[in-house]
Number of protein chains: 2
Amino acid sequence: MSIQFQIEANAGSARSGKLITPHGEIETPVFMPVGTLASVKGVPQDILEELGVQILLGNTYHLYLRPGVETVRRMGGLHRFMSWKRAILTDSGGFQVFSLNELRKVSEEGVTFRSHLDGSSHFFSPEGAMAAQIGLGADIIMAFDECTEYPAERERARASMEMTLRWAERSKKYFEEHKNEVPWGSCQLSAISRQGLQIPRSARDDSSFGPGSSSQREGKQVLRCAQDDSSYKNRQPLGGDTQALFGIVQGGMDRGLRRESALRTIEIGFPGYAIGGLSVGEPRELTREIVESTLEHLPADKPRYLMGVGTPDEIAEYAQMGVDMMDCVLPTRAARHGLLFTSEGKVSIKQARYAQDESPLDPNCGCRVCRRYSRAYLRHLYASNELLGQVLNTVHNLRYYLDTMRAVRHAIQLGERTRFLSEQSGPKP
Amino acid sequence: MSIQFQIEANAGSARSGKLITPHGEIETPVFMPVGTLASVKGVPQDILEELGVQILLGNTYHLYLRPGVETVRRMGGLHRFMSWKRAILTDSGGFQVFSLNELRKVSEEGVTFRSHLDGSSHFFSPEGAMAAQIGLGADIIMAFDECTEYPAERERARASMEMTLRWAERSKKYFEEHKNEVPWGSCQLSAISRQGLQIPRSARDDSSFGPGSSSQREGKQVLRCAQDDSSYKNRQPLGGDTQALFGIVQGGMDRGLRRESALRTIEIGFPGYAIGGLSVGEPRELTREIVESTLEHLPADKPRYLMGVGTPDEIAEYAQMGVDMMDCVLPTRAARHGLLFTSEGKVSIKQARYAQDESPLDPNCGCRVCRRYSRAYLRHLYASNELLGQVLNTVHNLRYYLDTMRAVRHAIQLGERTRFLSEQSGPKP
């Protein structure tokens, strides 16, 4: 299997459902925390599990540079590398190549760019981005697209959209030819646990997933995943599990182009569709408009992924419109800048007013940070540039985002869409 | 009570025992992690508890600057401020004032120095250092001493020792007059739980100690600790709990001066004694010599605290000599530099040789890091300057140190001193 998507409830345009991947189930609509370099900055994987993260996002551009695709592939893919047994989605690298690199050169073949780390020269193409993502082994991977700059004239947006479509064809072709090379499938342990059963890996008994896991300590023979260069290319993932490649709709801020991009991407055919090229500086009203109109052209029975959004209010809003998946660095990055989302509004924890505030960060939040620490302490940690401040801030903001989505899903299941939307203040206590 | 010290077993010079403080019991010999700014860098308090940390150290100099003694005092002291319900020891600030500040001016009164943060001018004296430590409210506090520089001529070491003794008298005098001002004692919750019982605070049912704790959520009346400026000065800590002030032996590298310092510090009289002014650049052989000879002059029935040491081998060695308490930034600071202590030797995780090493950091370690993550991942995190690397490295190194001391205590209890000392490689699996 690659993925299965089941819609379980509807409330207006909103849907709640389940996305079943080779590494576990995801309740949708879902917010995916960003784990750029195979780590959600500062938060250990067991805390992510405790927060209820079911899928996280890795950035192919960054992982390609460090530690490198080959290192991850040889370790059996990102899941094993970072000891994360739940789902992972990788982007194609396209966005960072465009946004982080001023000295890039785009051609029909692909994009030449310089590493932001050391200036070395690299080339990304649809084929290369697929090869990288196959080597990284995420459950869901993205077609290599051109994220159209904003603003863009209509002719420019069209030309960019057309190239994205040609790149989507090339992405899919390469993927179909090489998807069997995903480095998941060569663990003998997997073979034993999966004999005759369709069990997602997350359901395995091996709860201490990783190099020190009980199976290793008991001395069982475990084949190293993808250790042997020559053999992995021909190895079929066990149980037929493969990755899923999603297509990306572009078209700038033009509704007609967006419609055309959607229809022609659907023609190529993908198990899921993303809306890219938004949240690139356009006014929010325009974002909403484009999202709403684009969704009309995307199939209802496939997951719809809006890339790169948003604030807690925005993610609730887009979920209400019918978006199933979202990702954004906002909760994690804002946390590291001391900007914390609470049910009572945003808190900039560095402010002097919190220096002696004994109350919890968010009185309505049940996370480990709000249950234990005071605003005064969090403020001190931030002001003193203490690592723990970054960790605790991030844990809370993630909890806030995940609680927001949990409340949205619940509201959809209850058919209570209007009630939820009218409350601007986030999750109910 | 302030503290009680019970020796439970002896093996040669080594002793294992129990130090009972107002915030819980400590098994000795103990290694105290350093939580400089009210945080053991990067490690949340619940993880410290899980690691088995029973006492941690706070630096008065740093806390005096940030967040400031008054802020902590108003919150009820460090325990409440940082939500740590177990024991805390603070140093007097003397060491940092001497080591961090080149523009310091020492007089009989005290030390004028400039903040390393912003260059502002401050003055520390025995009285001021006591006032600060009382405001911070650690269970064990230290006399304000002069850490004699190394090397020092005998006359200089003598003069420095003599001033430390005069400062010790002043420290004790001020402490005895003001110890009732410790900001612990004004919580009504404490009153309720302690009626008629001598229970250390750590045994309270209120397991989610902190602002979001169940008692607060249930709406019980809880008096704020030390909120009211005018009232806290006269308030008796409940149950008669007070802090304990330890004296510090100086005398440079001269055995005669050390002996004299010890005897004259004992004359002043403290519930515990530290050996200061070592690990300041002298050869290790000399450190051992001075520790061994100084211990001969310290009372057997009081805890002996060797400040600022050491490596895992050293802490085991000093425990073997009869030291009961030690502290050092080494495990935490080395961790942040990727230098990890393992049962197979030191690992510098940034090295390229670990880039594809799937094995756990330490196959003999049961910590959450070694049970879950690979060396390759830890190496990637460090090389990519990821926060999580710092966190995981620190968790492991602390576990290693605490396991080392656990093994030392166990060996002492079994009377197996020679066997343990002869194994250089750290804790047994």
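In the assembly of identical copies, residue B:166 has its label point, taken 7 Å from Cα in the direction of the beta carbon, separated from the corresponding points by 8.7 nm (ascending, one decimal). When the residues B:139, B:403 are ordered by accessible surface, computed with a 1.4 Å probe over the protein chains alone, the sequence from largest down reads B:403, B:139.
Amide H contacts for residue A:17 (H built 1.01 Å from N in the peptide plane; partners 5 or more residues away or on another chain; cut-off under 5 Å): A:8, A:28.
Residue-wise HN-Hα couplings along region A:392-397, as the Karplus relation 6.51 cos²θ - 1.76 cosθ + 1.60 with θ = phi - 60° gives them from phi, are 5, 4, 5, 4, 5, 4 Hz; Gly and Pro carry x.
Under 5 Å between amide hydrogens, built in the peptide plane, is the criterion, and for residue B:245 it picks out B:141 among residues at least 5 positions away or on other chains.
Averaging 1/r over each pair of different alpha-carbon atoms in region A:47-190 and inverting the result gives 16.0 Å, the Kirkwood hydrodynamic radius. Loop-located GluC sites (Glu not before Pro) in region A:134-163 (DSSP state not H, G, I, E or B) with no more than 13 neighbouring Cβ atoms inside 10 Å: A:153.
Spin-label model, residue A:267/residue A:7: points 7 Å from Cα along the beta carbon direction are separated by 2.5 nm.
Sorted shortest first, the separations between the residue A:177 label point and its copies elsewhere in the assembly read 8.8 nm; each point sits 7 Å from Cα along the Cα-to-Cβ line.
Buried area at the B:A interface is about 4500 square angstrom, summed over both chains, from accessible surfaces computed with a 1.4 angstrom probe. Taking the DSSP bridge list for region B:75-180 and keeping only pairs wholly inside it, about 75 percent are antiparallel. Taking 4 °C and 1.567 mPa s as conditions, region A:229-379 diffuses translationally at an estimated 70 µm²/s according to Stokes-Einstein applied to its Kirkwood radius (Cα pairs). Between the beta carbons of residue B:115 and residue B:337, assuming R0 = 22 Å, the FRET efficiency works out to 0.30 to the nearest 0.05.
Residues in region B:260-268 carry Karplus couplings, in order, of 5, 4, 4, 5, 6, 6, 4, 4, 5 Hz; the curve used is 6.51 cos²θ - 1.76 cosθ + 1.60 with θ = phi - 60°, and Gly or Pro positions show x.
In nanometers and ordered shortest first, the copy-to-copy spacing of the residue B:267 label point, defined 7 Å from Cα toward Cβ, is 10.0.
For region B:270-375, the solvent-accessible area of protein heavy atoms averages 34 Å² per residue (probe radius 1.4 Å; ligands and nucleic acids excluded). Maximal additional length on extending the residue A:169-residue A:155 stretch stands at 2.9 nm, based on 0.36 nm per residue less the C-alpha distance. In region A:14-94, what chymotrypsin sites (Phe, Trp or Tyr not before Pro) fall in a loop by DSSP, with at most 12 other Cβ atoms inside 10 Å? The qualifying sites: there are none.
Calculated from the alpha-carbon coordinates, region B:102-159 shows an Rg and a Dmax of 13.5, 37 Å respectively. Working from label points 7 Å from Cα in the Cα-to-Cβ sense, the residue B:407 to residue A:46 distance is 2.1 nm. For region A:349-389, a decrease in accessible area of 30 Å² or greater in the assembled protein chains relative to the isolated chain, with a 1.4 Å probe, applies to A:356, A:358, A:368, A:371, A:372, A:373, A:377, A:380, A:384, A:386, A:387, A:388. Solvent exposure of region B:36-119, expressed per residue, is 32 Å² of accessible area, with all protein chains present and a 1.4 angstrom probe.
Residue-wise HN-Hα couplings along region B:291-300, as the Karplus relation 6.51 cos²θ - 1.76 cosθ + 1.60 with θ = phi - 60° gives them from phi, are 4, 4, 6, 5, 4, 4, 9, 9, x, 5 Hz; Gly and Pro carry x. Surface composition of region B:314-367: carbon and sulfur make up 49 percent of the accessible area, probe 1.4 Å. With Cβ to Cβ distances under 10 Å as the rule, what net charge do the other residues near residue B:357 carry (K, R +1; D, E -1)? Residues near residue B:357 contribute +2 overall.
The values are calculated or read from the model by the stated rules, or taken from the named source; none is laboratory data. Note that the structure is a prediction, hence the values are computed from the model and not measured. Counting neighbours? That spans all protein chains shown, and the Cβs are built from the backbone with ideal geometry, glycine included. We work out accessible area using only protein heavy atoms, side chains counted, and drop any ligands, DNA or RNA first. Shrake-Rupley method; radii C 1.70, N 1.55, O 1.52, S 1.80 Å.
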